[in-house]
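The values are calculated or read from the model by the stated rules, or taken from the named source; none is laboratory data. Given the structure is predicted, the values throughout are model-derived calculations rather than measurements. Heads up, the Cβs are rebuilt from the backbone with ideal geometry, glycines too, and the neighbour counts pull from every protein chain shown. Note: areas computed on protein heavy atoms with side chains; ligands, DNA, RNA excluded. Shrake-Rupley method; radii C 1.70, N 1.55, O 1.52, S 1.80 Å.
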Amino acid sequence: MKKETPPPRTIGLITDFGLSDPYVGQMRAVLARKAPGCLVVDISHDVAPFNVAQAAFFLAASYEHFPADAVILAVVDPGVGTDRAIVGLEVDGRMLIAPDNGLLALAQKNAWAASIRAFDLSAAMDAPNRVSHTFHGRDVLAPLAAWLALGGKPGELGREIDPETLVSLPWSHPDIRPGRACGHVLHIDRFGNCVLNLEAGSLGVPTGLRLTVPAGGGLTYARTYGDMPEGGPGLLEGSQGFLELAVNQRSAAKQFGLSMGDAIELAWEA
Amino acid sequence: MKKETPPPRTIGLITDFGLSDPYVGQMRAVLARKAPGCLVVDISHDVAPFNVAQAAFFLAASYEHFPADAVILAVVDPGVGTDRAIVGLEVDGRMLIAPDNGLLALAQKNAWAASIRAFDLSAAMDAPNRVSHTFHGRDVLAPLAAWLALGGKPGELGREIDPETLVSLPWSHPDIRPGRACGHVLHIDRFGNCVLNLEAGSLGVPTGLRLTVPAGGGLTYARTYGDMPEGGPGLLEGSQGFLELAVNQRSAAKQFGLSMGDAIELAWEA
Amino acid sequence: MKKETPPPRTIGLITDFGLSDPYVGQMRAVLARKAPGCLVVDISHDVAPFNVAQAAFFLAASYEHFPADAVILAVVDPGVGTDRAIVGLEVDGRMLIAPDNGLLALAQKNAWAASIRAFDLSAAMDAPNRVSHTFHGRDVLAPLAAWLALGGKPGELGREIDPETLVSLPWSHPDIRPGRACGHVLHIDRFGNCVLNLEAGSLGVPTGLRLTVPAGGGLTYARTYGDMPEGGPGLLEGSQGFLELAVNQRSAAKQFGLSMGDAIELAWEA
């Protein structure tokens with residue numbers, strides 16, 4: 001299956017394996033063995049265990065920063081060893097691969113991609129070599145990523161499928177009306193910034209902005225953290241493509257008592 | 001000591017240094033300086049401080065996934081700066097190096113290796129350059145790994161020794177009889193899966209399986225997590241070569257109140 | 001801006017982003033895209049949020065272990081998006097870049113560097129491509145590091161400035177007199193070792209050593225951890241260039257109730 005060697009491609013990784021156990025290291029060892037010369041870039045291995053939605057957000061927010069021919073592998077896989085499919089999504093040249101459980105859903109809905117193709121790559125599970133039933137990340141998906149990174153064509157391994165048939169996420173879409181927006185907290189980062197499921201720019205530049213659920217009072221609509229008043233909360237266009245609730249050098253999550261998944265409501269002068 | 005340059009080799013790392021302090025970064029900086037072009041793969045840096053047995057398990061479970069000529073460095077080193085030896089174990093072409101305190105013991109007992117040779121590499125401590133007394137991982141072992149990865153021959157640096165003379169672990173072997181097995185918890189992973197010191201397959205396919213110490217009731221002998229009943233516990237052949245107590249998408253460690261090192265007993269219909 | 005390609009350089013990274021969020025992965029993705037072939041080495045991403053002094057210590061203690069032409073990027077950036085400058089410090093061939101907020105202060109005071117030059121590189125913020133207001137680490141500093149790593153000359157991008165004009169740290173210098181030294185805890189590592197702001201060797205080899213603030217009793221002046229009596233505390237020349245309070249295989253921080261920044265006083269026979 002080896003081709004005339006193209007230059008080595010970058011392989012991105014997202015998992016919920018953590019970095020304490022040797023699991024990620026074993027995946028990277030397999031990649032070193034099967035795709036020598038390829039650069040491996042960790043996006044995050046600290047996805048909350050089994051949290052497909054969080055990994056889907058990390059993937060959708062990150063893939064466009066990779067080289068144009070990167071292969072990105074997402075493994076949050078409660079169904080490992082059962083008959084769930086393995087799928088690939090080619091988004092503008094980058095190849096995203098994952099168990100078919102919703103991990104690709106946000107990247108797939110990505111409105112600004114010029115070209116999206118999907119493939120059923122479950123045939124990768126039929127490899128002749130020893131495959132565990134509990135660690136397909138190492139034994140199936142890493143070898144698949146290596147094969148793709150070395151120039152393997154997804155169409156040679158599996159058939160092209162309709163991207164709309166990929167498993168989707170039970171995704172609650174935001175409700176945006178003049179003067180009011182309801183959404184939820186997509187992610188809380190290390191600094192306590194609360195990423196909302198409201199795309200950057202979707203509210204225009206609101207004045208008289210308030211957080212009404214949970215009751216939170218006035219918010220500065222700010223360009224960056226340093227533009228917010230000391231200790232006062234604000235809403236800004238975050239670096240991940242979504243609006244963020246933030247407090248300069250403090251935790252907005254703590255200040256508003258917010259957790260991942262919580263509902264929020266914003267109001268402003270319409 | 002430089003040779004006709006062979007292709008760069010992969011260097012694996014296991015330490016108890018954590019990733020918060022700059023220690024691992026300084027080791028990797030030394031590797032970048034002394035072995036440019038070599039790929040460095042972290043297995044884990046989150047071994048519990050001074051826990052040689054845990055690191056020995058991580059090493060034994062991981063080395064075979066690396067390229068056939070990899071150099072793997074394990075540093076859990078409470079005796080740093082004292083007169084403990086530095087040793088190398090060549091297992092089927094891969095070179096494992098570590099302070100001689102038991103870190104290589106599990107890999108050395110590895111039954112399925114075709115060739116095992118050991119070397120006393122303590123001469124690496126005699127380097128002319130500045131060597132700290134408290135961080136041999138950076139100042140002695142990383143340069144040694146770099147030298148080996150660039151093609152250095154262990155026999156040129158130190159004498160070959162009998163692998164049986166390496167420091168061993170106070171390892172309690174499992175007691176397996178018809179219908180009953182006593183062992184202990186080797187490791188608890190991020191998901192709460194309890195890796196036992198019972199090799200995969202060592203019980204056959206038991207029926208009527210129960211956890212009797214600690215009192216735990218029936219266990220499904222399962223192929224993978226998804227095959228276990230919702231919330232019900234099971235025993236399966238884990239990806240690390242050992243049997244694992246697991247609960248589908250929950251923590252077996254919490255459910256049974258198990259910690260690393262705890263004794264367990266399994267019973268089944270003999 | 002591309003040159004005759006010199007061999008790829010190593011890029012070091014220090015941030016307070018943690019490894020749970022996808023931020024570091026996005027920075028590395030940008031580096032993979034803009035500086036393919038360059039090796040990226042993480043020093044630490046677990047600097048306490050906004051703790052410029054801790055990152056400055058990590059940087060000063062680590063840069064000299066890198067290859068002689070490395071580019072090292074430090075991002076702890078509470079002022080992101082405001083008009084703080086971006087600066088570069090060339091220390092004996094290695095290029096350190098950071099927001100101008102004190103991150104380079106300890107490396108800059110480094111007494112044993114033969115050559116130190118500083119540059120205002122704020123022009124990197126004028127890039128034509130999309131730049132977020134909240135994540136200059138990914139959108140400004142990583143591309144700048146890539147450009148420098150590929151051979152870009154800092155003098156072509158910004159003007160040389162007097163290193164003394166860089167923002168300094170509110171650094172409390174130790175007070176060392178015959179028989180008495182006052183300082184503070186610079187860093188507490190994973191093992192509970194307390195790194196003091198007293199340079200290694202600055203006390204000579206003291207006899208009758210005691211920790212007087214906080215009240216702590218006698219200390220062994222030891223060469224390495226294993227030379228200290230079991231459970232008894234000691235002072236030693238640590239691997240980071242400073243004296244460390246340590247207890248063999250235990251936490252000195254816990255034993256003395258010390259936290260980062262706490263004042264300490266040592267006394268000995270003058």
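What's the number of the only condition in (1) within 19 Å of C:Ala70 (Cβ to Cβ); (2) modelled with pLDDT under 95; (3) open to solvent by less than 30 Å² (accessible area, probe 1.4 Å) that C:Thr134 fails to meet? If we test C:Thr134 against (1) within 19 Å of C:Ala70 (Cβ to Cβ); (2) modelled with pLDDT under 95; (3) open to solvent by less than 30 Å² (accessible area, probe 1.4 Å), just (1) comes out false. Of the listed requirements (1) surrounded by fewer than 14 Cβ atoms within 10 Å (Cβ to Cβ); (2) away from chain B (no Cβ under 14 Å); (3) within 24 Å of the chain's Cα centre (by Cα), C:Gly201 misses just one: (2). Just one of (1) out of contact with any helix residue (DSSP H, G or I) (no Cβ under 8 Å at 6 or more places or on another chain); (2) open to solvent by 10 Å² or more (accessible area, probe 1.4 Å); (3) not polar (S, T, N, Q) fails for B:Leu169. It is (1). Scoring A:Gly102 on the criteria (1) at negative phi; (2) outside any strand (DSSP E or B) leaves a single failure, condition (1). Looking at the structure I just gave you, is A:Arg159 over 30 Å from A:Pro214 (Cα atoms), buried (at least 18 other Cβ atoms within 10 Å of the Cβ), at pLDDT 95 or above and over 19 Å from the mean Cα position of the chain (by Cα)? In short, no.
Evaluation of C:Gln249 against the conditions (1) open to solvent by 20 Å² or more (accessible area, probe 1.4 Å); (2) modelled with pLDDT of 95 or more; (3) within 12 Å of chain B (Cβ to nearest Cβ) shows that the sole unmet condition is (2).
C:Leu141: within 14 Å of another protein chain (Cβ to nearest Cβ) and touching a residue at least 60 places away in the same chain (Cβ under 8 Å), yes or no? Judged against the criteria, C:Leu141 is a match. Before we move on, is B:Ala56 open to solvent by 20 Å² or more (accessible area, probe 1.4 Å) and among the aliphatic types (A, V, I, L, M)? The answer is no for B:Ala56. Which of the residues spanning region A:106-131 are open to solvent by 10 Å² or more (accessible area, probe 1.4 Å) and of a type in the set (Gly, Ala, Ser)? Matches in region A:106-131: A:Ala111, A:Ala113, A:Ala114, A:Ser115, A:Ser122, A:Ala123, A:Ala124, A:Ala127.
For region A:143-156, residues that are over 13 Å from A:Leu121 (Cα atoms) and open to solvent by 40 Å² or more (accessible area, probe 1.4 Å) total 1.
I need the strands (runs of 3 or more DSSP E) fully contained in region C:1-87, keeping only those with at least 3 residues that are more than 8 Å from chain A (Cβ to nearest Cβ) and not aliphatic (A, V, I, L, M). Spell out the reasoning first.
Numbers: elements: C:10-15, C:39-44, C:71-75.
Hits in region C:1-87: C:10-15.
Apart from one condition, C:Thr15 fits all of (1) surrounded by fewer than 21 Cβ atoms within 10 Å (Cβ to Cβ); (2) touching a Gly at 6+ places or on another chain (Cβ under 8 Å); the exception is (1).
Every residue, every condition in (1) in contact with a helix residue (DSSP H, G or I) (Cβ under 8 Å, 6 or more places away or on another chain); (2) within 16 Å of C:Lys254 (Cβ to Cβ), yes or no:
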position: C:His187; (1), (2): yes, yes
position: C:Phe191; (1), (2): no, yes
position: C:Asn197; (1), (2): no, no
position: C:Ser202; (1), (2): no, no
position: C:Pro206; (1), (2): no, no
position: C:Leu209; (1), (2): no, no
position: C:Ala215; (1), (2): no, yes
position: C:Gly218; (1), (2): no, no
position: C:Tyr225; (1), (2): no, yes
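Scanning region A:204-244 for residues that are exposed (fewer than 12 other Cβ atoms within 10 Å of the Cβ) and either away from chain C (no Cβ under 12 Å) or touching a residue at least 40 places away in the same chain (Cβ under 8 Å) (or both) yields a total of 8. Given the structure, is B:Asn101 open to solvent by 20 Å² or more (accessible area, probe 1.4 Å), within 14 Å of chain C (Cβ to nearest Cβ), polar (S, T, N, Q) and under 12 Å from the mean Cα position of the chain (by Cα)? Here the answer is no, as B:Asn101 does not meet what is asked. Take the conditions among the acidic types (Asp, Glu) and within 14 Å of chain A (Cβ to nearest Cβ) and apply them to C:Asp162. Does it pass? For C:Asp162, the condition - among the acidic types (Asp, Glu) and within 14 Å of chain A (Cβ to nearest Cβ) - is not met. Listed conditions (1) at positive phi; (2) open to solvent by 10 Å² or more (accessible area, probe 1.4 Å) are all met by B:Gly192, apart from (2). Using the structure shown, decide if C:Val140 is β-branched (Val, Ile, Thr) and open to solvent by less than 20 Å² (accessible area, probe 1.4 Å). Considered against the rule, which asks whether it is β-branched (Val, Ile, Thr) and open to solvent by less than 20 Å² (accessible area, probe 1.4 Å), C:Val140 comes out as yes.
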